[in-house]
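Take a look at the structure below.
The values are calculated or read from the model by the stated rules, or taken from the named source; none is laboratory data. It should be emphasised that the depicted structure is a prediction, and the values quoted were computed from it without experimental measurement. No Cβ is skipped: glycine too gets one built from the backbone with ideal geometry, and neighbour counts run over all protein chains shown.
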Amino acid sequence: MKVIADLNICIGAGQCVVNAPDFFAQDDDTGLVVAPIGDLPEARREEIEMAIYACPTRALSLSE
């Protein structure tokens, strides 16, 4: 599973970082999400999904 981030609609609310700080960060200059690259551990799916769901603009999604 991979995370897809749409930086065109991200507003830098940071809810992804709050919910899954091991996987998401915010760019120091823009405040926009820095999403993980590559495959993510299936064992942490629930945490990652919660972070994606918390995004107020739905800028994040999962790809299998």
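This table checks each residue for (1) aliphatic (A, V, I, L, M); (2) at pLDDT 95 or above; (3) surrounded by fewer than 19 Cβ atoms within 10 Å (Cβ to Cβ); (4) touching a helix residue (DSSP H, G or I) at 6+ places or on another chain (Cβ under 7 Å).
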residue	(1), (2), (3), (4)
19	no, yes, yes, yes
26	no, yes, yes, yes
38	no, no, yes, no
53	no, yes, yes, no
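Of all residue pairs spaced 6 or more apart or on separate chains, those with beta-carbon atoms under 8 Å, a first member in the range 42-64 that is under 19 Å from residue 7 (Cβ atoms) and a second member that is part of a helix (DSSP H, G or I) and among the acidic types (Asp, Glu) are 62/49.
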